[in-house]
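Contents: one structure, followed by commentary.
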Amino acid sequence: MSNEQWSHGFYKLTPAQRRQILGEQYHLNIADQELLEKNSSALGNDLVENYITDYSLPEGVVTGLLVNGKTYTLPMVVEEPSVIAAANNGAQRVARSGGFIADHQPRALVGQVVLDQIKDPQRTIEWLKDHQNDLLKIANDAHPSMQKRGGGAKQLRIRQVGRFISVDLLIDVCQAMGANTVNTMAEAVAHYLSENGNNVVTAILSNYATESLQTVSCQVNFAQLATKQMSGEVVAQRIADLSELAQVDPYRAATHNKGIMNGIDAALIASGNDWRAIESGANAYASRDGQYRGLSTWQIVDDHLEGQLTLPMPVGVVGGSIGLKKLTKLNYQLSSIKTAQELAAVITSLGLAQNLAAIRALATTGIQAGHMKLQYRSLAISVGAQQNEIDQLVKKLGQQQHVDQNVAKEILATMRKESTNE
Ligand code: HMG
């Protein structure tokens, strides 16, 4: 069957029928087909389209994350070795220095209704200003329950962007992620604007959530940064230098921010939030003055290192897929986080802890020393080590000067030869 033939209407089939067709088309053996089936779930089929199976990722926790005087255990879901170790490492160093301070700002999401083909921009802007209250009422009437909870569309912002005018609705979505609420409100406003002779290009949430900025900061004692070879002050100075580099060089800034998002994305996934939304907002914010820069900054102040991180963090604790997955609910029990504000503060603190551990490693031993040791288990698995061989192979890899796939393969082969000779 050609791809055209079997893929047409594929979404109308059951997961079992889809697996069977894929099995035939891609010559999957029985074990592969069983793997797909074994990991499938009814919930997965209800969540995504063309569903065939669940793809699972490891979950771990960062413990002892001290934010605003409260100690959190925060679940993290990530496939990369050393991320969770680094999170714990950074969290511990900051906790021993007094913890993170996170501000609590009122937060809102932005719904954009964009107009085009505007004959007289000034007149249109005046008209929009005159109809501000009507537009807010239309937005709120489209989703009345949000206003009943104390939230809803609160403010209108009008921006002229090139030949377009963006009517931004600032919407308080209370404890929710709120994307659907915002889109419903924006579309209702778009409908009204179209009916009143405007040409609407689009009506949609903006992921550049500048009205949901979260700032966290911390002070780290020099003693918490020292290594056996380097004083804490020298390490602090190197961290401050790396921070400055990330402000001036986008090549370094992208990696610096990846180190922050290692923790943030992992916690977002574990909390059932939309990590793509936070990623895109974070990267837009990193470029807010026209150059892409590091999201966090570190500097020496008196006798300690001070770190600060600000980024849009429009997370929710209800809505989306949060209430659907049992494991997500359980994760909230582990973290004891009850509100969206608290979640934003704790996840952003984790991002700064993650960043501290990564750049401290860069400033001291280099990343490979700690990171690669923790990679050895994945390396062992990737060269075919069985469960009963992994520990021994990891130990032997740790004794090598140079480690790569070939070295791992050779050691595994030798181990197997030795065990058959015994
Ligand atoms: P270390 O200092 O050798 O660890 O760090 P330690 O054995 O001295 O232990 C100190 C603490 O670290 C422990 O305290 C734990 O909190 C934590 P304890 O529990 O003993 O009281 N810790 C661990 N937690 C869980 N599991 C572990 C573990 N080991 C230590 N196995 C470490 C070793 C790897 C943590 C450190 O070298 C590190 O943080 N490295 C950075 C690793 C990293 O960032 N990995 C992400 C991949 S690299 C990347 O994607 C981003 C990057 O490019 C970003 C950038 O360039 O900015 C680096």
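Where a number appears in this text, it was derived from the coordinates with a stated rule and is not lab data. Given the structure is predicted, the values throughout are model-derived calculations rather than measurements. As a convention, Cβ positions derive from the backbone with ideal geometry for all residues, glycine included, and neighbour counts pool all protein chains shown.
Across the chain, Cα-Cα pairs farther apart than 39 Å form 35% of the total.
Working note: Cα gyration tensor of the stretch 264-355, eigenvalues times five, square-rooted, sorted largest first, giving semi-axes of 27, 17, 9 Å. What does the charge count near residue 146 come to, summing +1 for each Lys or Arg and -1 for each Asp or Glu among other residues with Cβ under 12 Å from its Cβ? Residues near residue 146 contribute +1 overall.
The listed peptides 265-272, 385-392, ordered by packing as a protection proxy, come out as 265-272, 385-392 (highest mean of other Cβ atoms within 10 Å first). Rounded to the nearest Hz, the phi-derived 3J(HN,Hα) couplings of the stretch 402-407 under the Karplus curve 6.51 cos²θ - 1.76 cosθ + 1.60 (θ = phi - 60°) are 10, 10, 8, 4, 5, 4, where x marks glycine and proline.
Each Lys and Arg adds +1 at its Cβ and each Asp and Glu adds -1 at its Cβ; summed about the Cα centre, the stretch 32-137 shows a dipole of about 860 debye. In angstrom, the C-alpha Rg and Dmax of the stretch 293-422 are 21.6, 63.
Once backbone amide H atoms are built at 1.01 Å from N, residue 72 has 64, 65, 66, 67 as its partners under 5 Å, excluding neighbours fewer than 5 places away on the same chain. Relative protection proxy for 18-30, 147-159, from highest mean packing down: 147-159, 18-30 (other beta-carbon atoms within 10 angstrom). Counting neighbouring beta carbons within 10 Å and listing from fewest to most, the residues 328, 73 come out as 73, 328. Distances between placed amide hydrogens fall under 5 Å for residue 201 paired with 114, 115, 116, all partners being 5 or more residues away or on another chain.
Backbone phi angles across the stretch 205-211, fed through the Karplus curve with coefficients 6.51, -1.76 and 1.60 (θ = phi - 60°), yield HN-Hα couplings of 4, 9, 7, 7, 7, 5, 9 Hz in residue order; Gly and Pro are listed as x.
In terms of other Cβ atoms within 10 Å, 218, 174 run from fewest to most in the order 174, 218. Each of 261, 146, 313, 372 has some number of other Cβ atoms within 10 Å of its Cβ, and from fewest to most they run 372, 261, 146, 313. Remark: the stretch 315-422 carries a charge dipole of roughly 320 debye about the Cα centre, counting +1 on each Lys and Arg Cβ and -1 on each Asp and Glu Cβ. Other residues lying with their Cβ under 11 Å from the Cβ of residue 210 contribute a combined charge of +1, Lys and Arg counting +1, Asp and Glu -1.
Charged neighbours of residue 121, selected by a Cβ distance under 13 Å, balance to +2 (K, R count +1; D, E count -1). Amide hydrogen proximity for residue 215: with H placed 1.01 Å from N in the peptide plane, the residues at 5 or more positions away or on another chain lying under 5 Å are 103.
Packing order of peptides 77-85, 349-357, 114-122, highest average first: 349-357, 77-85, 114-122 (average count of other Cβ atoms within 10 Å over each peptide's residues).
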